[in-house]
Amino acid sequence: MWMTVRRTSCNLCEAICGVLVTVENGHVTDIRGDESDPLSHGHICPKAVALRDLQEDPDRLTTPVRRTSDGWQEIGWDAAYELVVDKLTGIQREHGRNSIGVYLGNPNVHSLGALTHMPTMVRQLRTRNKFSATSIDQLPHMLSSYLLYGHQLMVAVPDIDRTSYLLMLGANPLASNGSMMTAPGFGRRLKDVRKRGGTVVVIDPRRTETAAVADEHHFVRPGTDAAFLLALIHEVISLGAARPAEYVDGLATIETVVEAWTPERAAGITGIPADVIRRIAREFAQADRAACYGRVGVSTQQFGAICQWAIQVLNIITGNLDRPGGTMFPRPAVNALLGLGRGHVGVWKSRVRGLPEFGGELPVSTMAEEILTPGDGQIRAMVTVAGNPVLSTPNGRKLDEALGSLDFMVAIDPYINETTRHADVILPPAPPLERDHYDLIFHQLAVRNTARWNDAVLPKPADARHDWEIFRDLGLALVRRTAWSRRRVEVTARLRVSPRRIVDVGLRIGPYRLSVAKLRKSPGGIDLGPLQPALPAALHHKSKRIDLAQRMILDDLPRLDSLNELDGQLLLIGRRHLRNNNSWMHNSARLVKGKPRHQLLMNPGDLAERALTDGQFVTVTSAAGSISVEVASSNDIMPGVVSLPHGFGHNRPGARLTIANQVPGQSVNDVTDAGYTDAVAGTAAVNGVPVTVTAS
Ligand SMILES: Nc1nc2c(c(=O)[nH]1)N[C@H]1C(S)=C(S)[C@@H](COP(=O)(O)OP(=O)(O)OC[C@H]3O[C@@H](n4cnc5c(=O)[nH]c(N)nc54)[C@H](O)[C@@H]3O)O[C@H]1N2
Ligand SMILES: Nc1nc2c(c(=O)[nH]1)N[C@H]1C(S)=C(S)[C@@H](COP(=O)(O)OP(=O)(O)OC[C@H]3O[C@@H](n4cnc5c(=O)[nH]c(N)nc54)[C@H](O)[C@@H]3O)O[C@H]1N2
Ligand code: SF4
Ligand SMILES: [Mo]
């Protein structure tokens with residue numbers, strides 16, 4: 001028997017936990033936490049073990065397939081590339097370059113090869129109809145980073161290991177393992193804050209797993225956090241506790257705009273009592289080291305941009321930005337900011353609804369209408385990469401219909417699922433354990449500077465392709481076909497170089513002058529120390545100053561007056577569970593077992609008011625549509641709020657997901673509304689959706 005233990009990191013979520021993988025006779029027999037990882041210290045969650053299931057899943061595609069009238073047919077790689085490039089270039093020739101739409105899904109940011117090679121391939125399509133999960137996720141973080149710090153990826157991360165006061169809104173890291181903040185073992189780190197005598201406060205319409213380990217939890221009416229945050233800023237200023245750094249401008253303007261946001265006014269809107277708002281503001285301002293952090297619940301809602309800006313303003317004016325225990329800027333071994341432009345916003349607008357692009361992408365909430373609305377610039381073909389937008393984006397049914405109407409679709413994806421079943425060709429990349437890994441994105445968001453390179457755990461079969469090879473080969477074929485490419489030589493060279501080489505260059509020119517060879521000597525990763533102050537030098541604005549008074553945000557503030565209109569409505573929010581992973585890990589028997597977790601959570605008072613009982617099927621209806629799901633009574637959910645997780649609803653015909661097909665539940669995104677977005681940059685507002693709930 002041949003047995004070996006290999007090191008890698010789990011790439012299923014943002015925590016990038018180090019893992020030890022035991023391989024016997026070519027098969028994975030064990031996966032456990034790697035104690036030697038300087039960031040994760042041995043932490044893993046149940047999903048790590050599912051890396052093995054991904055490897056062995058009989059439903060996972062290993063060769064390209066083509067949809068025919070007789071069903072899916074396997075085809076060779078070269079034939080598949082030729083077919084795809086023929087179709088895409090043909091459609092563009094006939095209908096213009098914007099006739100191709102692209103959707104880039106979440107797992108792209110977790111794959112080295114996707115990050116190094118996908119953007120170059122996509123650029124060859126020269127389409128403005130580019131969409132990604134960003135606009136149903138972290139767009140407000142990126143926008144506030146762009147506006148305040150001058151680069152869309154210059155994200156300030158809570159220095160959780162040194163803070164004494166952590167205020168968290170709309171985040172449930174005990175389920176999600178943390179996001180826009182890589183902190184494996186989040187639960188332990190929270191406990192440590194409290195052990196050090198610090199305080200953890202959670203603001204969430206649901207008493208979450210994270211709320212359960214915090215000092216305080218306060219219910220907030222969904223979508224109203226902006227009022228709470230503005231009132232905190234108001235209080236800090238009234239206390240005379242605003243002490244921004246010398247390089248910060250605009251405090252006087254902020255003082256004026258928050259003047260009307262008294263704790264009393266915010267209390268009426270948010271449901272958080274005025275005395276609690278006052279106390280939190282005082283404690284936050286007086287804490288030795290405080291950090292405010294907000295995630296999905298305050299990003300994917302109708303005031304996401306205001307919320308993420310206000311969180312930064314609160315951290316900045318209390319002097320907590322860029323100081324240990326406050327919020328800080330990581331300094332990873334490969335500077336991810338170099339790989340991505342600073343950003344831009346509103347340079348072009350979506351054709352049908354006129355929503356602005358951000359960083360070259362249009363809001364995903366406009367994707368279905370861009371496919372379905374006839375006219376010049378209509379999308380006729382789609383390229384999806386590592387995404388399942390039928391389940392993950394608002395008004396999924398309409399998108400489902402839209403994808404069915406396309407002239408052509410190609411998916412780069414290992415599964416035939418709710419989205420890729422519409423594809424004409426599917427190109428499946430090799431799974432995570434067969435890939436080399438260096439994390440280009442999440443070291444940039446990590447609470448400690450560390451670095452690790454890992455060679456692939458398992459060899460890739462000869463007839464399989466890495467994702468970067470698929471992008472390379474498609475990219476090269478596109479460059480060859482399209483006469484417009486003046487930069488053919490440069491693009492060709494860029495596509496031909498391996499991810500390993502790109503990381504090596506990044507490491508060598510990076511701040512620690514490392515190399516892949518050096519990192520390979522410590523496969524458990526190396527520690528580069530705690531986060532260090534970096535401002536104002538690290539700011540990407542030429543002025544090296546931060547201007548709090550951002551016009552785009554200030555102009556949007558009057559819209560907050562509409563918050564009172566939410567009164568009395570039943571509002572739908574989302575949730576995550578440790579054993580789910582967005583829309584795609586339900587095909588692991590190991591993960592889906594256990595108590596059902598697909599139900600609509602509803603407060604007992606709200607159930608009684610509607611004469612509904614725990615466990616019955618109810619119909620949830622919004623402006624976008626309705627679904628029928630089981631309801632579960634819960635005291636942990638705020639009255640007037642219901643919660644349903646996304647990523648369920650694998651009951652559409654034609655998908656090949658043997659285990660997921662048996663998982664009960666409906667897609668929440670059949671009731672979230674593509675018309676309901678944050679006005680500032682078009683982020684999908686999937687939290688705080690007005691709904692009605694009736695007996696089915
Ligand atoms: N209502 C509601 N909707 C939401 C959210 C919410 O909170 N509420 N959350 C949103 C958020 S934050 C996100 S990020 C999105 C995520 O939504 P998507 O961007 O759609 O991503 P996933 O659901 O993770 O889908 C992953 C897809 O990638 C494929 N895949 C997995 N691994 C790989 C790989 O290595 N390579 C390739 N090429 N493909 C792979 C899977 O088979 C699957 O098709 O969902 C969003 N949707
Ligand atoms: N196990 C698991 N881990 C994951 C994922 C997964 O699907 N499963 N997905 C990954 C992805 S793509 C992401 S982006 C991250 C997300 O990471 P998190 O943001 O931590 O994810 P959620 O658990 O959705 O937490 C959002 C919280 O916001 C609350 N909320 C909803 N509306 C509001 C509101 O209006 N105001 C406030 N204050 N709170 C509100 C919800 O009740 C919920 O508790 O998780 C990542 N990690
Ligand atoms: S928390 Fe779980 S899913 Fe996330 S990286 Fe760690 S083991 Fe993987
Ligand atoms: Mo996400």
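The values are calculated or read from the model by the stated rules, or taken from the named source; none is laboratory data. Everything numeric in this text was worked out from a predicted model, so none of it was measured. As a convention, Cβ positions derive from the backbone with ideal geometry for all residues, glycine included, and neighbour counts pool all protein chains shown. Accessible surface areas use protein heavy atoms only, side chains included; no ligands, DNA or RNA. Shrake-Rupley method; radii C 1.70, N 1.55, O 1.52, S 1.80 Å.
Overview of values
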read-out	value
Probe 1.4 Å - accessible area at residue 364, Å² to nearest ten	10 Å²
Distant-in-sequence amide H partners of residue 328 (H built 1.01 Å from N, under 5 Å)	157, 159, 322
Principal semi-axes in Å for the stretch 601-662 [√(5λ), Cα gyration tensor, largest first]	26, 13, 11
Carbon plus sulfur fraction of accessible area for the chain, probe 1.4 Å, in percent	50 percent
179, 543, 522, ranked by accessible area, largest first (probe 1.4 Å)	543, 522, 179
Histogram of C-alpha separations across the stretch 554-696, 10 Å bin width, %	11, 38, 33, 15, 3
Heavy atoms of residue 162 accessible to a 1.4 Å probe, total area in Å² rounded to 10	70 Å²
Listed residue (229, 17, 503) projecting farthest to the positive dipole end of the chain, Cβ model	503
Rel. contact order, % - alpha carbon contacts under 8 angstrom, at least six apart, the stretch 568-695	36 percent
3J(HN,Hα) from dihedral phi, the stretch 670-676, Karplus parametrisation 6.51/-1.76/1.60, rounded to Hz, x for glycine, proline	7, 10, 5, 10, 5, x, 9
Dipole magnitude of the chain, debye to nearest 20 (Cβ charges: Lys/Arg +1, Asp/Glu -1, about Cα centre)	2020 debye
Calculated diffusion of the stretch 1-135, Stokes-Einstein form, Kirkwood radius summed over Cα pairs, 20 °C and 1.002 mPa s, µm²/s	117 µm²/s
10 Å Cβ shell holding at most 12 others, DSSP loop, chymotrypsin sites (Phe, Trp or Tyr not before Pro): longest site-free stretch of the chain	3-483
Largest to smallest accessible area among 434, 209, 361, 74 [probe 1.4 Å]	74, 209, 361, 434
Amide hydrogen neighbours beyond the local backbone of residue 689, cut-off 5 Å, H modeled	572
Ratio of the Cα radius of gyration of the stretch 3-56 to 2.2 N^0.38 Å, where N counts its residues	1.05
Over the chain, volume per residue of the alpha carbon convex hull, in Å³	148 Å³
Cα gyration tensor shape for the stretch 135-229, rounded if a/c is under 1.5, else prolate or oblate	oblate
Lys/Arg +1, Asp/Glu -1 at C-beta; the chain dipole; positive extreme among 290, 450, 358	450
Amide H partners (placed H, <5 Å) of residue 217, local residues excluded	202
Rounded to the nearest 10 Å², the accessible area of residue 217 at probe 1.4 Å	40 Å²
In sequence order, calculated HN-Hα J values of the stretch 291-301 (Karplus, 6.51, -1.76, 1.60; Hz; x Gly/Pro)	9, 10, 9, x, 10, 3, x, 10, 9, 8, 8
Note, ³J(HN,Hα) from phi for the stretch 85-94, Karplus 6.51, -1.76, 1.60, rounded to Hz, x at Gly and Pro	5, 4, 5, 4, 6, x, 5, 5, 4, 7
Probe 1.4 Å, all protein chains present, accessible-area order of 87, 542, 521, 460, largest first	542, 521, 87, 460
Enclosed volume per residue, in Å³, of the convex hull spanned by Cα atoms of the stretch 320-449	162 Å³
16 Å reach of a label modelled at residue 77, 7 Å along Cα-to-Cβ, counting backbone N of the stretch 383-415	412-414
Length-normalised contact order for the chain - Cα pairs under 8 Å, 6+ apart - percent	19 percent
Accessible area of the chain divided out per residue, in Å², using a probe of 1.4 angstrom	36 Å²
